[in-house]
Amino acid sequence: MLKCAATWRAWARRSPPLGLDYSKKSQAAGEPLLQHVPERGLLEFLLKAAHHPSVHICGMTLNVIPSFVSNKNLLARELIPLLQRKAIMPHGINSETGDLTLVLDQYGSGVDEFLRFRQTVVADALRTCWEYEPEAYIDSCTSAIEEFCTAGTKAETTHNLSFHLEAALFCVESLGSFLDSEEARSSFAYSDQFSRSMAAVSQNTISITSNPLTVMRLALLLQRWTFWFHKSQKLGVVVDLAASTLTYALQLGELPYAQGLVEETNSNPTKEACIAFEELISVSIDHFTATDKLSALLALWESVYSQRMDGRQVPVESIEPLGRGVCSVILRTPENVQKDAFCSLLACTKQSVDHLMVLIRDEADSGKGRSLLPLMGGELRLLAAIVKCSTTSHVGTVDMMDEDETSPVRTGLSPHLAPVIQQFWPSIEVLASNYCSNRDISSSMGALLSALIPITLQNEDAMAYLRGISSVVSSMLAASPTDDVEVFDEASQFLKEWIVIHGKDVEKTASSGMTVDSSCEEMVQTFQKALVELIAKAEPCLNSSLVDLQVQGQGEAAFESRPPPSREAEHSSFNCLRALLDLLQTMGRLCPIYLMNVKVGSEHLIRRVAGSSVVGLSASDTSLARTSMLFLTTLCELSTHDNEAVQKAMIDNLTQIRKGVVTRLLMGFCGKFVSTLLSPASQLLHTLASKMALRLDFETDMVAILKQEYFLLGDDAKNLTLSVFRGCAQGTISATELETFLCQVWKIHRTDDFSLLPSSDAVARLLQRFSLET
């Protein structure tokens, strides 16, 4: 049977004439997708094969059968119930404990394989059935949901029905993806049947609550169809259903077998239910701003949060979407409502933080306190998410899913939320000074502080906030060990966000003849202090033998003659340098004049770091290599800056390191780079070659570099490479064309037999193709 199914699959692929599109749009009305429909006996044979329990046999058959569906036959109607059965997850019930289990092994697949089979093969076949028989499709799904929601009284019956209901909900959820747009879903022609399905689900709880997978499928369905509920003016139904779904998800912890099913299928019903509620809020914020609706929403939030505080395993990431949704509603309420509403929203978080702080302090000596730091990190992450939501709101939009919606814009922290956040400050300062070495604390603290950066400095309160935030970052840097990469990275990201928000003001103070107000000057001084502290933390990285190039002439790294650093020290240096280069690249784009004047001791920072970035080009850490390329590309672009001082400084720096940069890049294109580095590396080379001020001696450098032993394509290819780069300098070779050429050079160098390369067909084709183009 397996061989026969494979044969039919191959036949089906060969049957259409060349260029036939397998979509209904390219097909004449009533015509099958394949020109030759097999005899009925053969179709019946394929349908029997589709019933086979093995997902491999069934999958090959279902790839073929939908191709025979047309308006002239009833094959779609036969397929619909078959596909609905195939969507049911194979399951069983432990006779001793009554627990639900998945029994996929006997069907020739694991959980992941079955889920992929259902999400691709079954879903594609369902799409075909929907295209030809939409009414039969939705009627069948509606009847199935109504039937399965009439749960039996026996546990075994209920458990079986829960898996059948999950499959039926999957078919309805998939229908949402078949419709091309939200507009199509909102004008859905079969709203009556869909409403009946949702009414049946709303009135039944047993078949849903007995299975975590059914709860999650219902949450996913609500996410997919939220827009329809909104446009159909059925918000009352969906709000109640979404709240019930969230309640069901939180109660799953009481089922002894739920955790096993959730882990086995990598599911998170609570998170999906919270996302469904957040999306529901996003399309109908005004519905929730009424006093009674807001009170109900806050009561739901408190109920959800209490599950976490009661010791149940509810990760903060799971309930975070609901917190963001409630925050967005509060921001749309009248001013006199917001302060109390924010207090209610964060009351549980404040209570939890205070409780954890007491436990951490009391258990500090025993070491048990540190085991509570991940929980504290979760609370801070939740606080950061709510703050970020409040400072990146869709201000002025009535409906977040309207077509004219704009992207989220950074706004100031609500004056009604600021006093609530201030209540957390004593705990934040203690954690920054004493526990920032913990990864959970440092990462959550970094996210929170970045979200709190004020966007306007027109009042003393904003400056006080900025000083307080900067002070916490300084405490983290001072308290962390020298090799603490996590704190360094978070501090770098914080300063990067600062520059993104206030880069123009920082640049204004560095420009001669520009007047600035006192608050702006204080902001720049505060930033300068934090930057100096960060650079001081990076001194070991900048001074290490790995990146110190001062004794290597033109920036050529004699790394072969040096003893390799330890893996731990190398990892620390790589990550610190990557984070610093990422920050400085942003500064180069937004405040280059200021960056040019930053010094480390008596030496300009840009000169010091430019040398280090050369070594980063050939680092084993791909992320560092890419960041180094982007940083150096920014420096090259600044060599033509309008400010003469910036232009001269960048040219001087690039002149010193140019040969080292080109050497490492060409070495990488000789088979050393991984594929993800080819595009940024070619962009850097093109920028270097094309900038007027940098052309001096560039070709001389190229000639010397191409004589090195790592270029293995022969003299003709060397001459062609020189010709290509000469074209870049003259403006006749674009960045895209250079990347195409260098990628071919890279591919040829990846061969196993280097001795035959100069005379190989691949090199001959390279010479023929690009000699004509150049």
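Among residues of the range 450-465 that are under 17 Å from V524 (Cβ atoms), those with a beta-carbon under 7 Å from a residue that is among the acidic types (D, E) and open to solvent by 10 Å² or more (accessible area, probe 1.4 Å) at least six positions away or on a different chain give the pairs I453/E497; M463/E522. Considering the conditions (1) at pLDDT 80 or above; (2) among the hydrophobic types (A, V, I, L, M, F, W, C); (3) open to solvent by 10 Å² or more (accessible area, probe 1.4 Å), L261 is excluded by exactly one of them, (3). Among the residues of the range 207-234, those identified as over 29 Å from the mean Cα position of the chain (by Cα) and open to solvent by 30 Å² or more (accessible area, probe 1.4 Å) are T209, K231, S232, Q233, K234. Among the residues of the range 272-280, not a single one is more than 12 Å from A242 (Cβ to Cβ) and open to solvent by less than 10 Å² (accessible area, probe 1.4 Å). Of all the residues in the range 407-439, those that are part of a helix (DSSP H, G or I) and either of a type in the set (A, V, I, L, M, F, W, C) or open to solvent by 50 Å² or more (accessible area, probe 1.4 Å) (or both) number 15.
Residues checked against (1) within 30 Å of K368 (Cα to Cα); (2) modelled with pLDDT under 90:
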| position | (1), (2) |
| --- | --- |
| S444 | yes, no |
| I455 | no, yes |
| M463 | no, yes |
| L495 | no, no |
| V500 | no, no |
| G503 | no, no |
| D517 | no, yes |
| V524 | no, yes |
| E533 | no, no |
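If you go through the range 311-352 and keep only what is charged (D, E, K, R) and not in a loop (DSSP other than H, G, I, E, B), you end up with E317, E320, R324, E335, K339, D340, K350. Restricting S295, S282 to residues that are part of a helix (DSSP H, G or I), at pLDDT below 90 and of a type in the set (G, A, S) narrows the list to S282. Of the listed requirements (1) modelled with pLDDT of 85 or more; (2) aliphatic (A, V, I, L, M); (3) surrounded by fewer than 20 Cβ atoms within 10 Å (Cβ to Cβ), L757 misses just one: (1). Taking the criterion of being open to solvent by less than 10 Å² (accessible area, probe 1.4 Å) and under 22 Å from the mean Cα position of the chain (by Cα), the residues of the range 624-647 that qualify are L624, A625.
Looking only at the range 656-676, residues that are open to solvent by 60 Å² or more (accessible area, probe 1.4 Å) and either farther than 22 Å from S618 by Cβ or part of a helix (DSSP H, G or I) (or both) come to 4 in all. For the subset of the range 196-206 comprising residues that are open to solvent by 30 Å² or more (accessible area, probe 1.4 Å) and of a type in the set (S, T, N, Q), which member is modelled with the highest pLDDT? Restricting to residues being open to solvent by 30 Å² or more (accessible area, probe 1.4 Å) and of a type in the set (S, T, N, Q), the top hit is S202. The condition (being in contact with a helix residue (DSSP H, G or I) (Cβ under 6 Å, 6 or more places away or on another chain), surrounded by 17 or more Cβ atoms within 10 Å (Cβ to Cβ) and not aliphatic (A, V, I, L, M)) is satisfied by just one residue among S244, S284: S284. Where residues in the range 362-374 are at pLDDT below 90 and hydrophobic (A, V, I, L, M, F, W, C), which of them is nearest to the chain's Cα centre (by Cα)? Going through the qualifying residues, I end up with L372.
Does D701 satisfy being of a type in the set (D, E, K, R) and farther than 18 Å from S618 by Cβ? Spelling it out, it is not the case that D701 is of a type in the set (D, E, K, R) and farther than 18 Å from S618 by Cβ.
The values are calculated or read from the model by the stated rules, or taken from the named source; none is laboratory data. Since the structure is predicted, the reported quantities are computational estimates derived from the model, not experimental observations. Cβ coordinates were reconstructed from backbone atoms using ideal geometry, including for glycine residues, and neighbour counts include every protein chain displayed. Ligands, DNA and RNA are stripped out before the accessible areas are found, and what is left, the full protein with its side chains, is counted by its heavy atoms. Shrake-Rupley method; radii C 1.70, N 1.55, O 1.52, S 1.80 Å.
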